Every structure is written in C-alpha cells, then in structure tokens.
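Report on one structure; see the data block that follows.
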Amino acid sequence: MYSLKELEEIVKRCRRCPLSETRTNVVFGEGDVSNRIMFIGEGPGYNEDKIGRPFVGRAGELFDKMLKAVELTRDDIYIANIVKCRPPNNRNPLEEESKNCIEFLRWQVKIIDPDIIVCLGAVAAKNIIQKDFRITKNRGIWYSKGKFNIIATYHPAAILRDADKKKDAWEDFKAIKNMYNKICVT
Ligand code: URA
C-alpha cells in the first residue's frame with residue numbers, strides 16, 4: 001500500500017491521457033489521512049490548475065462557506081476530484097479520462113478509508129454511485145457500498161449558476177453533518 005505522499009508523486013508524473021499535456025499542475029487532493037469524510041468534485045478548473053490545489057476558485061469559496069455553515073472546515077475533510085488534471089475550457093471530463101484517472105481516486109479512498117463519501121455534482125456521482133445517476137432526482141439519498149456511506153449533492157458551481165439549488169444543498173449539508181456526528185465523532 002502506498003502512502004498518500006507516494007501516490008501523489010506517482011500522479012504528478014502521470015502521462016496516461018492528453019489532459020497531462022495541457023495541465024499546468026496536477027491537482028492531487030488535500031486533507032489529513034486520518035479524516036473520516038471525503039468530498040469528491042469533478043476536476044480542476046482554471047484557478048486549481050494554476051496553483052495545484054482543489055476548490056480554490058469561486059466554487060471553492062462557496063464550498064468553504066457551506067462547510068462553515070455546518071461547523072466543518074477543510075481541516076476536518078479530505079477533498080479530491082475524479083480527474084486530477086484540468087479539462088480544457090472546464091469541459092466535463094470525457095468518459096475515457098475519468099476511467100483512467102479514477103484508479104488514483106480508488107487508491108486515495110483505500111489509503112484514507114473514510115466513513116463518508118460526498119459526491120459534489122453529477123460527474124462525481126455518476127462515476128462513484130451509479131452510471132445513470134440523476135443529480136436533481138437522486139441527491140440527498142444515502143447509498144451504502146461496502147463500508148462506505150455515500151451521498152451526492154449539487155456541485156457548488158451549479159449553485160453559483162442557479163441560486164434555487166441552495167435550499168436543497170443546505171438540507172444535504174445538514175444531513176451530511178448529522179451522519180458525520182453520528183458515525184465519525186467519537
Ligand atoms: N470544481 C471541481 O470539481 N473541482 C475543483 O477542484 C474545482 C472546481
């Protein structure tokens with residue numbers, strides 16, 4: 001089993017797909033290995049690609065506010081993406097790109113071994129929960145896969161585009177915090 005640091009070094013050298021040719025930085029993910037809850041986004045955007053850290057742009061700012069509203073911080077979570085390199089013009093990752101890259105995410109999950117996995121948006125949910133996942137219909141529902149409790153909510157960027165999604169996202173974050181208190185806080 002790799003350590004997170006070893007895995008990060010491997011991912012930083014990855015040349016498996018054409019996204020590696022256009023990236024500025026690999027965005028591996030962040031958070032302490034002992035954290036019990038993992039959030040999964042889609043892929044780096046412009047700002048993340050520039051500095052090599054996840055969720056640092058406008059969507060990231062909103063994400064931090066949502067965490068704060070349920071009394072969590074980045075120190076409590078691990079955060080990563082389905083693809084580690086920015087898709088050009090922030091397009092959705094292609095199926096082939098996600099398939100290639102998700103192997104690294106699987107390793108991250110193995111190493112961190114979280115109790116809760118939160119999919120941020122449809123791309124993460126389709127890759128992690130089920131292929132035909134419908135974010136408007138299936139968000140806010142708990143799924144169990146092996147030992148993992150998995151839920152999906154709206155991607156913060158989707159909430160920035162459509163403020164009507166805020167209310168449902170808030171309900172989801174409260175449910176996530178309740179589950180966290182129940183199974184992660186000892
Ligand atoms: N959107 C994502 O899905 N991931 C990031 O890291 C930033 C924006």
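The values are calculated or read from the model by the stated rules, or taken from the named source; none is laboratory data. No experiment lies behind these values; they were computed from the predicted model shown. Backbone-built Cβ (ideal geometry, glycine too); neighbour counts: all protein chains shown. Accessible surface areas use protein heavy atoms only, side chains included; no ligands, DNA or RNA. Shrake-Rupley method; radii C 1.70, N 1.55, O 1.52, S 1.80 Å.
Annotations for the structure displayed:
- The simple Förster model, with R0 at 22 Å and r as the Cβ-Cβ distance, assigns residue 161 and residue 91 a FRET efficiency of 0.90.
- Between residue 50 and residue 130, the simple label model (points 7 Å from Cα in the Cβ direction) yields a spacing of 4.1 nm.
- When the solvent-accessible area of the range 63-186 is split by element, carbon and sulfur atoms take up 49 percent of it, the probe being 1.4 Å.
- Cβ-derived FRET efficiency at R0 45 Å, residue 15 paired with residue 69, nearest 0.05: 0.65
- Across the options 70, 124, 46, the greatest Cα extent toward the positive end of the charge dipole of the chain (unit charges at beta carbon of Lys, Arg, Asp, Glu) belongs to 124.
- Rolling a 1.4 Å probe over the heavy atoms of the protein chains gives the chain an accessible area of 52 Å² per residue.
- Size of charge dipole - the range 71-186 - debye, nearest 20, with Cβ of Lys, Arg +1 and Asp, Glu -1, no other charges: 200
- Low-density loop cleavage sites - chymotrypsin sites (Phe, Trp or Tyr not before Pro) in the range 133-186, where at most 12 other Cβ are within 10 Å (DSSP): 142
- Ranking 160, 107, 183 by Cα position along the charge dipole of the chain, where only Lys, Arg, Asp and Glu carry charges on their C-beta atoms, puts 160 farthest toward the positive end.
- Derived scalar couplings between HN and Hα for the range 175-185 equal 5, 5, 5, 4, 5, 4, 4, 6, 10, 10, 9 Hz in order, rounded to whole Hz, by the Karplus curve 6.51 cos²θ - 1.76 cosθ + 1.60 (θ = phi - 60°), x for Gly and Pro.
- Count of Lys pairs (Cα-Cα under 25 Å; at least 8 positions apart or interchain) in the range 133-186: 21
- Peptides 105-114, 160-169, 81-90 ordered by average Cβ neighbours within 10 Å, highest first: 81-90, 105-114, 160-169
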